Amino acid sequence: MKITADYHIHTCYSGHSAPDQTPERIRAHAATAGLTHIGILEHVNSREESARLYRIREEVEALPPGGPEILLGVELNPVTRTLLTAIDRSDVADIGLDYVLLGLHWRLTREICAVDSLRFRCELELLAASLPWVDILAHPFWEYAPEVRLLGAEPWRDLASLDPGWVREFARTCRRAGTAVEMNGAMFTGRPPEFLRGYKAFFAALAGEGVLLSIGSDAHHPTEFARHQTLQQVVDELGLTDHCFLHLQPKKRPAQTIWPLPI
Ligand SMILES: [Zn+2]
Ligand SMILES: [Zn+2]
C-alpha cells in the first residue's frame, strides 16, 4: 500500500515549527510527496491556544483550490489524568474541525518513574483510547526523553514487556470506541532497534485485531516530510493494506465556532 494520507502535520503557528511551515507550503510538500489527503492541526493545551486553530482555518479557506484535500484537526494534549477524564464529547462537538487527535504528553513524576512507568502509561493509553470523541490516538508511548532523564529515569528502550493481554484489551477498546491508532513518523526515527522491533510488533498485533491505523508524520518542519519514507518501509514490512487504515473526509464546518474546552 502506498501512503496517501497524513493526518498529523503541524504549522508555523505551533510556536516551535519552521516559520515557512504555512498551510500553503504544507500543501505543496504534500502534493510532491504524492499525498491525496492531509490533516493540518495544532497543539492545544489551553483555551488561549485555540486562537491558532482559527488562524490556520482562515488561511486554509483562503487557499486557491487544487492539490491534496486538507482536513483541519486539533492535537489535544491533556497532561494530567484529571484533564484527560474531564474532557467529554460536548467539549469538542462545536469546534468545527474535521477530527480530533489526542496525544499523551504526560508529565511524569519521580514516583511513577521509580515504580513502573510503562504499566502506568498502558493504563492511560487505554483510557485515552476509550474516549468516543477521539478519532485518532497519537503516538502511543511517546515520551520526551529530556524530561524523563531529568527525573532520573531512562526512556523506554524496548516494549518487549508489553503484556499481550493488555494489547488485546487495548485493541478491543479502540474498536469499540472507533479510535484509530497512529503510526507516528517521529516514533520510528532515531530509536534503538529493540524498541522498533517491539513497536512494530505492537502495530502488527493491532492490525491483526482489526484496529484502524493512521499515518502521521508529525512534521513541524518541511524536512520532516521525509518521515513518510520510513513509515512506508514499516507499512511494507508489516504488509499493511489500505483496509488497515483510517480514511477521513472533511466535514461541513460551521462558519463560526466556539472553544469550550475546560483546560
Ligand atoms: Zn504529540
Ligand atoms: Zn504533534
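Key figures for this structure:
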| quantity | calculated |
| --- | --- |
| Cα convex hull of segment 1-81, projected area averaged across orientations, nm² | 6.3 |
| Length gained when the stretch Ala51-Ser130 is fully extended (0.36 nm per residue, less Cα-Cα span) | 25.7 nm |
| Label-to-label distance, nm, for residues given as Lys2 and Thr241 (7 Å Cα→Cβ offset) | 1.9 |
| Computed E for Thr80/Leu118 - FRET, C-beta separation, R0 22 angstrom, nearest 0.05 | 0.75 |
| For the chain, average projected area of the Cα convex hull in nm² | 13.2 |
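Values in this text are rule-based calculations from the coordinates and carry no lab data. Just so we're clear, the structure is a prediction, and the values are computed from it rather than from any experiment. Don't worry about glycine lacking a Cβ; one is built from the backbone with ideal geometry, like all the others, and counts go over all protein chains shown.
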